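Since the structure comes first, as C-alpha cells, the remarks are kept for the end.
The values are calculated or read from the model by the stated rules, or taken from the named source; none is laboratory data. Every value quoted in this text rests on a predicted model; they were computed, and no experiment measured them. Neighbour counts are summed over all protein chains in view; Cβ atoms, including those assigned to glycine, are modelled from backbone coordinates with ideal geometry. Ligands, DNA and RNA are stripped out before the accessible areas are found, and what is left, the full protein with its side chains, is counted by its heavy atoms. Shrake-Rupley method; radii C 1.70, N 1.55, O 1.52, S 1.80 Å.
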Amino acid sequence: MKEVQLVGIVKEVRNTKNGHRLIILEDETDEIACISIKQNRDSFSIAQEVILDEIIGINGKLSKNGDLLIINSIVYPDISIQNEKHKSEIPVYSAFLSDIHVGSKKFMQDQWNSFIKWINGQMGNTRQRDVASKIKYIVIPGDVVDGIGIYPNQEEELEIIDVYRQYETLAEQLRNIPDHISIIMQPGNHDAVRPAEPQPAFEKEIQDLFTDMDITFVGNPCYFSLNKVEILSYHGQSLLDYATNIQHLKYNQPVETMKVMLKKHHLAPTYGGYTPLAPEHMDYMVIDRIPDIFVTGHVHLAQIGDYRGVTLLNASSWQEQTTYQKMLNFIPDSAKLPIVDLKTSNVTMMDFSK
Ligand SMILES: [Fe+2]
C-alpha cells in the first residue's frame, strides 16, 4: 500500500462511465491500468491533458485488490521556471513570416506588396522604418506555396497549377527582400516534400530556384540559432491533434497549445491523428532543447505569448480565407508579421492587413 512511481508510455486513455480518467500505461515488459479519480482535482485536471502515445510519470497507490493504480499525481518534464535567455549582443531583429501560400488565388498580393515596400524602407512612420532597417533575418515556418492536391477540389482555388511554377513565383516575390537579410525556409504540409514528419528540407531542384538569394533550407521541425538566440521552428500540423485531444485547448489558440508542447517536451506524440509521423530510429519530434523562441504556423493566426521565458509565436499567413476554412468557420488572421528584437527579446507585430 505504499506509494509507487512509474514511467511509461500511454497505451490507452479515456474517461470512464463515472467520470474518472483511465490511463493504461505500458513499458517493454508490462502494462498497468491507472485511474485518476475526479475528486482529486489537481491530478484529475492534469489527467485531462494526457494524450495517447506520450510518456508520463505517475505517482500512486495500488487499489485493495491490486489490479488498479490510484493516481496521486502525474508528472511531466516541463521546463524550468526561469530560463536564462540567450541574447544577441547587437540590436538585430528577426521577422517570422509563415504560410505564404504562393500559387493560391487567395494569396494576398496587395498586402505582400505593402510588406515589401515597408521592408525596403519605403513605407511606414519613423519607428516602423527603423524596425525594418534592423531586420537581419526572416524565418519562414512552412507552406511557402499552396502546393497541389493537398485537399479536395484545391485546383479550383489555384492560380498556378504547376508546383515548380509556384516555387519560381515565390522566388520572384522573395527577390524583392533586401540582400542583407538572411532567410531560413522550412517546409509545411502544403510543400513539395514528403508529408510525414519530420520533413526534410526542400530537394535540390527546388533549392536551385533560389541560388541567387541568401536562403538556408532546413527541415521541419528544426533548431537553429540566430546571433546566439535559439529558435525552434515547427510548421505546426500537430496543433490540431492537440486541440482535438485535449479539451481545454482550442485550434484558434495555438500559443496555449505550444505551452503544453513545452511542458510535455514533445511536438507530436500521438500516432494516427492529423499529423502523419514517419517511424524514425530517433524521435525528432521530442523537444530536447529549450529554445528562446518557439515559432509555429499552420493555423494562420498571428499570436504572441510567453511560457517561462520562452517567446511563443504563431506567424500569421499571406492567404485570405479559403473555401475550406470558410466551411470550417475558421477566420484566419493574415498579413501580419511578428518581429523579435534578438537583443532585448521584445516582440512587435506589424499589420499589413489593411
Ligand atoms: Fe498554411
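Before moving on, here are some points about what is shown:
- All positions within the stretch 302-328 that are outside any strand (DSSP E or B) and over 18 Å from Val139 (Cβ atoms): Arg308, Gly309, Glu320, Gln321, Thr322, Thr323, Tyr324, Gln325, Lys326, Met327, Leu328
- Of all residues assigned to the stretch 61-84, at least one qualifies as being open to solvent by 80 Å² or more (accessible area, probe 1.4 Å) and closer than 17 Å to Lys343 by Cβ.
- For Thr257, the criteria (1) outside any loop (DSSP other than H, G, I, E, B); (2) over 17 Å from Ala95 (Cβ atoms); (3) open to solvent by 30 Å² or more (accessible area, probe 1.4 Å); (4) not aromatic (Phe, Trp, Tyr) hold in every case but one, which is (3).
- Selection from the stretch 194-242 of residues that are among the aromatic types (Phe, Trp, Tyr) and either open to solvent by 30 Å² or more (accessible area, probe 1.4 Å) or within 18 Å of the chain's Cα centre (by Cα) (or both): Phe217, Tyr223, Phe224, Tyr234, Tyr242
- Candidate set: the stretch 300-354, residues that are farther than 20 Å from Val131 by Cα, among the aliphatic types (A, V, I, L, M) and open to solvent by 50 Å² or more (accessible area, probe 1.4 Å); chosen: the one nearest to the chain's Cα centre (by Cα): Ile331
- Any pair with Cβ under 6 angstrom, 6 or more apart, that starts in the stretch 107-118 at a residue that is over 15 Å from Pro178 (Cβ atoms) and ends at one that is aliphatic (A, V, I, L, M) and surrounded by 15 or more Cβ atoms within 10 Å (Cβ to Cβ): Met108/Ala335; Gln111/Ala335
- Options Gly272, Gly297: the member that is buried (at least 18 other Cβ atoms within 10 Å of the Cβ) and of a type in the set (Gly, Ala, Ser): Gly297
- Selection from the stretch 333-350 of residues that are touching a residue at least 40 places away in the same chain (Cβ under 8 Å) and part of a strand (DSSP E or B): Leu337, Pro338, Ile339, Val340, Asp341, Val347, Thr348, Met349, Met350
- Options Ile71, Ile81, Ile51, Ile119; residue that is in contact with a helix residue (DSSP H, G or I) (Cβ under 7 Å, 6 or more places away or on another chain) and under 25 Å from Ser345 (Cα atoms): Ile119
- The set of residues in the stretch 181-208 being of a type in the set (D, E, K, R), in a loop (DSSP other than H, G, I, E, B) and under 20 Å from Leu232 (Cα atoms) consists of Asp191 alone.
- The stretch 136-153, residues that are open to solvent by less than 10 Å² (accessible area, probe 1.4 Å) and in contact (Cβ under 8 Å) with a residue 60 or more places away in the chain: Val139, Pro141, Gly142, Asp143, Asp146
- Conditions (1) in contact with a helix residue (DSSP H, G or I) (Cβ under 6 Å, 6 or more places away or on another chain); (2) open to solvent by less than 70 Å² (accessible area, probe 1.4 Å); (3) under 16 Å from Thr322 (Cβ atoms): number failed by Gln109: (1)
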